[in-house]
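As C-alpha cells, the structure follows; a few thoughts come after it.
The values are calculated or read from the model by the stated rules, or taken from the named source; none is laboratory data. Being a predicted model, the structure only gives us computed values, none of them experimental. Heads up, the Cβs are rebuilt from the backbone with ideal geometry, glycines too, and the neighbour counts pull from every protein chain shown. Note: areas computed on protein heavy atoms with side chains; ligands, DNA, RNA excluded. Shrake-Rupley method; radii C 1.70, N 1.55, O 1.52, S 1.80 Å.
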Amino acid sequence: LVWLLVLSLAWLGPALGGEDKEEEVVEEEEKEKKEDEVLSDEIKEEDNVLVLHEHNFARALSEHQLLLVEFYAPWCGHCQRLAPAFAQAATQLRNESSPARLGKVDATAQTALATEFGITSYPTLKLFRDGNRSHPLAYTGRMDSQGIMLWMQRRAGPSATLLQDTDTIAAFVSSQDLVVVGFFKDLRGEAAQAFFEVAAEMVDVTFGVAEAAELFQAYGLSADTVCLFKKFDERQTNFPVDPARGLDTAELTRLLRVHSLQLVMEFTNEVQPIPSPVTVLRGAWLPCPYPPPPPQTSNQIFGAKIPHHMLLFLNKSSPEQLSLRDGFRAAAGSFRGEVLFVVVDVTGHGADVLPFFGMTAADAPTLRLVKMENNRKYQMEQDNFSDSAIRTFIQAVLDGKVKPHLLSAEPPEDWDTRPVKVLVGKTFEQVAFDETKNVFVKFYAPWCPHCQAMAAAWEELAERYKDREDIVIAEMDSTANELENITIHGYPTLHYFPAGPGRKVVEYKSSRDLETFSKFLENGGTLPEEPPVSEVREEPPCPGQSPAPAG
C-alpha cells in the first residue's frame, strides 16, 4: 500500500505541478503581451482621439501635419469635463478629412513626455506642426468643441480670405456684423505675415485680406491698413500700419478687441455675435472656484484687457430711468479702451449680480465703477447722471482721488463668544491688528469646496486654543465683506497677524490640517524646517484652482 501511494504521488505530482506551471506560463505570456503593447509604436484611438505614449509619439508626429495633444491627469476634474468636447472636435475634424488631428497623453503615466514638454498643470494643450517636437505652440482657444474646431481650422487652412475685387469685398464686409480686412501691397511682406498671425489667433472674428490697387482706392486708402468693419457704432475703423515700426501683433490684437465691443454693452443672457457682458459679470465680478469654459463672447471681452468697468444699474420698465442711458453713452467715447460701459437691468438678468455689490433693485438707478485687477468697487453720487458728471467721476477714480466702496455684513451677536471668531468688514481691524494677540484668519467663500473641506479642522484648531489669551482663530466671509488693504484672490486664503508693533502679515501656504496648523502657531507663525525628502513628485494642480499643499 505504501509502495502504491508513492507511485501514485510520483505520477500525480508532475501533473499537478504542471497545472501551476501552465498558469504561470499564461500569466507571463499575458504580461509580455501587455508590455509589447506599451512598447509598440502602434497608435490606438478612443473616440477618434489618438492615444499617445512615449513609444508612439514620434510616429504620430511624423504621420500628422497638425497634431493638438492634450496632456491630462485621470483624476483631474477639468480634464474629465473637457473629454467629451475634445472627442467631439476630434470626430468633426476627422469627418471633414482635415489634416489636423487630436491626441491625448496621460501625463501622470508618461512622465518622460510630461517632463520634455514642461507640463505643470492639467489639462495642458499643445499644437505640434510638421513633426516638430522642439517648439510646440501653446493652445490659446476656448475649451469647448466649437472653440477647438475653429482654432484648428485656422491653422489648417488660410487664416484670412483673399478678396480680389470690389464685389467680393463688398459681400464679405456685409456678410457679418463684424469683419476685419487687411489691405497690404505685398502679401509676402512682414506686415501681412503679422496680420495672418493675428487672424490665426482671433478665431472668433472673420478676417479677409486684399492686395489689389483698385481695392485700396475703393476704400480711400493709400498705404497698408487694417480696417475693422461693423454694423454698429462707427461703421469703419482704420488702423494704419506704421512704416517704421511695422505691425505689432499684440497691439493690433488689443485694438481689434477693444473696438469690436459695442461702446455701451447691454447685460443679457443671449449669446450674440456682438459680445455680451454676461461673462463679465459671471466670469470676473463673481469669483468662481471652477470657472466653466468661456464662451465666445468671454474671449472677446477679456481679450481686450479693459481694466475698468462702469456699470449703470437701472429699472428698464421705468421710462425715466431708461432716459439715463443717453448721458451714459455720451460719456463712454472719452474712455474707450480704458473703461467698458455696461447697462444692467435690475429687474432682469442683472438681479443675479446685485448681492455682489451689496445692492437691491430698490437702489436703482445707481452707478458703480469696478477696477478689474482687484475687484475694487467705487460708488458715484446718485444725484447727477449727466455725461459731464460721469466723466468727472471716472477721471477722479483713475487719478486715485476716490476711495473704494467696501462691503460689510453686520457682526453676529455671538461673534466673539464662539471658538472661531466671526469677523466682518467693520470689525476686522480691531481684531486682526490687536497688537496683544496672534490672530490667524481664514478668508473663505460659503460655496467653496476647499473651504468646506477644511472647516472641521479649523473648528478643532479654535477649540484647541480657545483658552489661550494670546491666540485668536477667526474667519471672514469674503463674498460679503471687503477690506481696503487686503485683496483676496482665491479661497481659502489664510493670513497670520502676529502680535507686537510693526508686525508683518504672514500668508499660510502649507497643509490644511489640524496638526500642521498647530505646529505653525506654536512656532510663532512659521513651520519648523523638515529634512528634505528625495524623489517626491507633487502632482500639478488643476488650472483655475489653488494648489492643495501636499500632506
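The set of residues from segment 90-106 being within 21 Å of GLY131 (Cβ to Cβ) and either outside the structural domain of GLU63 (by the TED database) or of a type outside the set (Lys, Arg) (or both) comprises ALA90, LEU93, SER97, SER98, PRO99, ALA100, LEU102, GLY103, VAL105.
Scanning segment 205-215 for residues that are hydroxyl-bearing (Ser, Thr, Tyr) and free of Cβ contacts under 8 Å to residues at least 12 places away in the same chain turns up nothing.
Against the list (1) open to solvent by less than 20 Å² (accessible area, probe 1.4 Å); (2) at pLDDT below 50, the condition ILE274 fails is (1).
Out of the residues in segment 487-497 meeting the condition of being surrounded by fewer than 17 Cβ atoms within 10 Å (Cβ to Cβ) and in contact (Cβ under 8 Å) with a residue 12 or more places away in the chain, tell me which one is nearest to the chain's Cα centre (by Cα). Ranking the candidates gives GLY490 first. Looking at GLN193 and the list (1) open to solvent by 10 Å² or more (accessible area, probe 1.4 Å); (2) touching a residue at least 12 places away in the same chain (Cβ under 8 Å); (3) under 15 Å from SER159 (Cβ atoms), which single condition is not satisfied? So the condition that GLN193 fails would be (2). No other residue among VAL198, VAL241, VAL180 is touching a Ser or Thr at 6+ places or on another chain (Cβ under 9 Å) and within 24 Å of LEU125 (Cβ to Cβ) apart from VAL198. Beta carbons closer than 8 Å, at least 6 apart along the sequence or on distinct chains, pair a first residue in segment 306-335 that is open to solvent by 50 Å² or more (accessible area, probe 1.4 Å) with a second that is modelled with pLDDT of 90 or more and assigned to a strand (DSSP E or B) for LYS316/ASP345; ARG325/VAL264; ARG325/LEU312; ARG325/LEU314; ARG325/VAL343; ARG329/VAL264; ARG329/PHE341. Of everything in segment 342-375 that is of a type in the set (D, E, K, R) and surrounded by fewer than 19 Cβ atoms within 10 Å (Cβ to Cβ), the residue that is farthest from ALA409 (Cα to Cα) is GLU373.
Is it true that some residue in segment 456-471 is open to solvent by less than 50 Å² (accessible area, probe 1.4 Å), assigned to a loop (DSSP other than H, G, I, E, B) and more than 22 Å from ASN374 (Cα to Cα)? Yes, there is a match, as at least one residue in segment 456-471 is open to solvent by less than 50 Å² (accessible area, probe 1.4 Å), assigned to a loop (DSSP other than H, G, I, E, B) and more than 22 Å from ASN374 (Cα to Cα). For segment 420-455, give me each residue that is within 21 Å of LEU521 (Cα to Cα), touching a residue at least 24 places away in the same chain (Cβ under 8 Å) and open to solvent by 60 Å² or more (accessible area, probe 1.4 Å). Answer for segment 420-455, where residues must be within 21 Å of LEU521 (Cα to Cα), touching a residue at least 24 places away in the same chain (Cβ under 8 Å) and open to solvent by 60 Å² or more (accessible area, probe 1.4 Å): PHE433, GLU435, THR436, ALA453. Does segment 60-69 contain at least one residue that is modelled with pLDDT of 95 or more, touching a Ser or Thr at 6+ places or on another chain (Cβ under 8 Å) and in the same structural domain as THR140 (by the TED database)? No, that holds for no residue.
The residues of segment 213-256 that are open to solvent by 30 Å² or more (accessible area, probe 1.4 Å), touching a strand residue (DSSP E or B) at 6+ places or on another chain (Cβ under 8 Å) and part of a loop (DSSP other than H, G, I, E, B), listed by number, are TYR219, ALA223, ASP224, LYS231, ARG235, LEU247. Looking only at segment 344-370, residues that are over 15 Å from PHE328 (Cβ atoms) and among the acidic types (Asp, Glu) come to 2 in all.
Taken over segment 59-71, the residue count meeting the criterion of being assigned to a helix (DSSP H, G or I) and open to solvent by less than 60 Å² (accessible area, probe 1.4 Å) is 2. When residues in segment 72-129 are screened for being touching a helix residue (DSSP H, G or I) at 6+ places or on another chain (Cβ under 6 Å) and open to solvent by 40 Å² or more (accessible area, probe 1.4 Å), 4 of them pass.
When segment 137-187 is filtered for residues that are part of a helix (DSSP H, G or I), closer than 26 Å to LYS231 by Cβ and open to solvent by 20 Å² or more (accessible area, probe 1.4 Å), the ones remaining, listed by number, are GLN146, LEU150, GLN153, ARG154, THR166, ASP167, THR168, ALA170, ALA171, PHE172, VAL173, SER174. The residues of segment 424-444 include none that are within 19 Å of SER511 (Cα to Cα), touching a Ser or Thr at 6+ places or on another chain (Cβ under 7 Å) and of a type in the set (A, V, I, L, M). Scanning segment 408-419 for any residue that is part of a loop (DSSP other than H, G, I, E, B), open to solvent by 60 Å² or more (accessible area, probe 1.4 Å), touching a residue at least 24 places away in the same chain (Cβ under 8 Å) and of a type in the set (Val, Ile, Thr) turns up nothing.
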